[in-house]
Each structure stands twice: as C-alpha cells, then as structure tokens.
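> Handing you this structure, nothing more for now.
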Amino acid sequence: MRQTFYARLRSHADALGVPLQDPADHIPNTRAALAVSEWARAQGDAALHAFRERAMEAWWARGENIEAPEVLARLADEAGLDADAAVAASTDEQWLAKVWAMREEAGDRWVTSIPTVFLGPKPVIGCQPYEVFEAGAVRAGAERR
C-alpha cells in the first residue's frame, strides 16, 4: 500500500515539476514539527507559512529528519524565527496539547489522511488530481464561470 501511495504521489509531483525524495524507511512522527508550526502560528501567519514551507520542503523534497531538534532549529532559523524557542516549542506541553486537540477534531470528522479538504459536507482525501477537486466543488454547489 505504501509503495502504491508513493507511486501515485511521484506521478503528481513529476507532472507538476516538484522534486520529491524517495520514500523514507519510516513515516515520521510529525508531532514536534506540528508543535513548532503551532508556535509559529502564534507569531503570525507569515511566520507559520515560512516555517511550514521549509518543513514541507525538508521532508518531501530533501528527505530530512523533521523529528530531529537540530533540523527544526535550522528550519526555524531559515524562516526568520528564534531557533531555540522553536526547539523548546517542539516539546512544550502547551503546543503539543494543541496538536493533539486538532488530531482529535480531525478524528471526529473522520479525517484519515493529509491533506483532507472539505467541499461542503464531503471530504476530498489525500493528494488528488485537480479534476477530483473540481467535481467535488460542483457537487457542493459551486458554479462554473
């Protein structure tokens, strides 16, 4: 199943010209990176987007270990954030609790994959072609222009 997922993902990435690393030997535990993301969100939308962009690129394009404090510190620094504060946030109960609460909310809505986008009451789950989003938007009541 994992190989099928990566084959499909690679197909999408290749079609868009996006670099994608070979599959890692494990799926990372992203709680620490998500805690840093929530801490960055508290610094403002620009901080969140800057950190998230670097974290996504680090994992998906370069295959870096986004579980490692030194990687999180460097990514925070590259995003213009305080590296020491970011590493502290990665293990801070306040930010980890926020991540857990979001996970529980996602579970309550039957979210099983990232990304999940709700178009009306129906979710579009996972990395999907444009046509799937288009069809979902139309089903949710969107009108073509």
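> Can you work out the FRET efficiency for the pair Lys122 and Asp84, with r the C-beta to C-beta distance and R0 = 30 Å, to the nearest 0.05? Display every interim value, and only then the final one.
Working: r = 43 Å, r/R0 = 1.44.
Efficiency at R0 = 30 Å is approximately 0.10.
> With charges only on Cβ, +1 for K and R and -1 for D and E, what is the dipole size of the chain about its Cα centre, in debye, rounded to 20?
740 debye
> Also, I was wondering about something else. Using the alpha-carbon atoms, what tilt in degrees (0 to 90, nearest 10) does helix 31-43 show relative to the longest principal axis of the chain?
Rounded to the nearest ten degrees, it is 80.
> Shifting gears a bit: What whole-number distance in Å separates the alpha-carbon centres of segment 14-58 and segment 111-128?
Their Cα centres are 18 Å away from one another.
> Please determine, in degrees from 0 to 90 and to the nearest 10, the orientation of helix 45-56 with respect to the longest principal axis defined by the Cα atoms of the chain, where the helix direction is its Cα long axis.
For 45-56 against the chain, the angle is about 80 degrees.
> Could you check how many percent of all C-alpha pairs in the chain are farther apart than 22 Å?
For the chain, the fraction of Cα-Cα distances above 22 Å is 50 percent.
> Using only Cα atoms, find the angle between the long axis of helix 69-78 and the longest principal axis of the chain, and express it within 0 to 90 degrees, rounded to the nearest 10.
Once rounded, the angle reads 80 degrees.
Values quoted throughout were computed directly from the atomic coordinates according to the rules given, and no laboratory measurement underlies them. Computed from a prediction, not measured in an experiment: that's the story for all the values here. Heads up, the Cβs are rebuilt from the backbone with ideal geometry, glycines too, and the neighbour counts pull from every protein chain shown.
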